[in-house]
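Student: Have a look at the structure that comes next, please.
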Amino acid sequence: REGYNNPQVSGENLIGLSRARRPHNAIFVNFDDEEIPTKPLDAAVQTWKKVCTNPVDKKVEEELRKLFEVRPVWSRNAVKANISVHPDKLKLLLPYLAYYMLTGPWRSLWVRFGYDPRKHPEAKIYQVLDFRIRCGMKYGYAPSDMPVKAKRSTYNYSLPITVKKPVSHTVSVHDLKQGLGISAASSAKKPPCSRYKLKESIYIFREGALPPYRQMFYQLCDLNVESLQKIIRRNDGAESECTERDGWCLPKTSDELRDTMSLMIKQIIRSTRPALFSNTTSSEDGKEQMAYESGEDEDDEEEEEEDFKPSDGSENEMETEILDYV
């Protein structure tokens, strides 16, 4: 109408995503897709070549290539535990060497270009297991009793439709080209070989050790317990069909693995905090189970640490990683 002027647009009066999304040119593949990609998108190649300008970056690229040669399927956390690479650079490097599975038994994992796990029975060891520590009256302890923390507190939650004010430590393309990023000063005391590395507990399950977080995403080959591997290998050499639910494993394999792992966790907690189980009686049998949810949400804005400090925490890769590439 006459005299009306459009309001000035700024970050202070816009409602939108909490952070700007940058295209990283990843290729997403569903379990029921007929073909898998054999090479990266041209844009992914150009983007990586633009930032890969120093010997450190070239060394990281070679290290990741070797990882994919030894093992064609990796979670991002497993990669982070094996090579030291700036998180923002890893987002550019992974789409250059691998594609991302959205659904099926390899969901949330990065697969080497040209490798189709649906055609290789031996790929069952790379399948993913979504494991959540069980808490509630049925199990004898509540979430608050757990010596394992959730990834973040509910009180730190922010809606994915809100705008966060820009901060001063944004990583630019220039920063990435230098191979240091914003953490150069804060990480100066750390050796370059481990500056960004995560602990191996972020992706390996060992008997007698509690997971660092209540929800973890393990690949079957990283369940480092003989009894668990026996469950996985029961049909070795007799795999006949790859299904979206069970992959190359026998039906209900994931359920059996979770049950066995949960029993191991309970035994650890019983040995470290016996008082929790001293008053357990049969009167609890009829009580409603309090299922614990880990607090992961669909837009996890804490997916990368602000100071890029390595963390033990599990990242819900299906929920957070996709958002990095859209």
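Student: Could you compute the net charge surrounding Tyr126? Neighbours are other residues with a C-beta less than 11 Å from the C-beta of Tyr126; K and R count +1, D and E count -1. Let's see the in-between values first.
Tutor: Details: positive: Arg71, Arg112, Lys124; negative: Glu122, Asp222.
Combined, the nearby Lys, Arg, Asp and Glu give +1.
Student: Just to confirm a number: summing +1 for Lys and Arg and -1 for Asp and Glu over residues other than Arg112 whose beta-carbon lies under 13 angstrom from that of Arg112, what do you get? Before the final figure, lay out each step's value.
Tutor: On the way: positive: Lys39, Arg65, Lys66, Arg71; negative: Glu69, Asp116.
Local net charge: +2.
Student: With 25 Å as the limit, write out which pairs from Lys66/Lys124; Lys58/Lys80; Lys39/Lys91; Lys59/Lys124 have Cα-Cα distances beyond it, or answer none.
Tutor: Working: Lys66/Lys124 21 Å; Lys58/Lys80 16 Å; Lys39/Lys91 17 Å; Lys59/Lys124 30 Å.
As for pairs spanning more than 25 Å Cα to Cα, those are Lys59/Lys124.
Student: If you don't mind, there's one more thing I want to ask. For the stretch 49-104, would you read off the P(r) tail past 14 Å as a percentage of all alpha carbon pairs?
Tutor: Numbers: 793 of 1540 pairs.
Here the tail beyond 14 Å accounts for 51 percent of pairs.
Student: Once label points are set 7 Å from the Cα along Cα→Cβ at both Glu241 and Glu34, what is their separation, rounded to one decimal in nm?
Tutor: 2.1
Student: Right, next: As I understand it, the dipole of the stretch 54-116 uses +1 on the Cβ of Lys and Arg and -1 on the Cβ of Asp and Glu, about the Cα centre. Which of Ala81, Phe113, Val70 lies farthest toward its positive end?
Tutor: Positive-end residue among those listed: Ala81.
Student: Which net charge results when you count Lys and Arg as +1 and Asp and Glu as -1 among the other residues whose beta-carbon is under 13 Å from that of Arg206? Spell out each step's value before the answer.
Tutor: On the way: positive: Lys199; negative: Glu200, Glu207, Asp222, Glu226.
Value of the local net charge: -3.
Student: State the extension gain, in nm to one decimal, for the chain segment bounded by Glu62 and Asp255, taking 0.36 nm per residue of separation less the distance between their alpha-carbons. Can you show the working numbers first?
Tutor: Numbers: separation 193, 0.36 × 193 = 69.48 nm, distance 3.73 nm.
Answer, rounded to one decimal: 65.7 nm.
Student: So for the pair Thr103, Asp116, with labels modelled 7 Å out along Cα→Cβ, what separation do we get in nm?
Tutor: Using points 7 Å along Cα→Cβ, the separation is 1.7 nm.
We did not get these values from a lab; they are worked out from the coordinates using the rules stated. Small disclaimer: the values here were computed from a predicted structure and weren't measured. Cβ atoms come from the backbone with ideal geometry, glycine included; neighbour counts cover every protein chain shown.
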